[in-house]
Amino acid sequence: MSLSEMGFVTARATSAQLLPADALREALSAVAAELGKQGASQKTMYAQLGISKATAARLKKEDPAFAEA
């Protein structure tokens, strides 16, 4: 299931529209949690979020909510 099918808005942002780091982490955690509830694998989560395995590993260290997802 895609992010848009789950009700999340997906779009490219300009640098002026980018979220602050904390808000971005919160948003990624929320999406990851929803994907996890749906039984998505970590590989699928990372692909849907548009992040690499290395970025996911860093987010897991920085954000307990993301690590739980």
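The values are calculated or read from the model by the stated rules, or taken from the named source; none is laboratory data. A quick note: this is a predicted structure, and the numbers were derived from the prediction, not measured. All Cβ positions, glycine included, derive from the backbone under ideal geometry; neighbour counts span all protein chains shown.
Being exposed (fewer than 14 other Cβ atoms within 10 Å of the Cβ), part of a helix (DSSP H, G or I) and modelled with pLDDT of 65 or more is the filter here, so list the residues in segment 1-41 that pass it.
Selection gives Ala21, Asp22, Ala23, Leu24, Ala27, Lys37.
Consider only pairs whose beta carbons are under 8 Å apart and that are at least six residues apart or on different chains; among these, list those whose first residue lies in segment 51-69 and is within 16 Å of Asp22 (Cβ to Cβ) and crowded, with 16+ Cβ neighbours inside 10 Å and whose second residue is at pLDDT 85 or above and basic (Lys, Arg).
Phe66/Lys60
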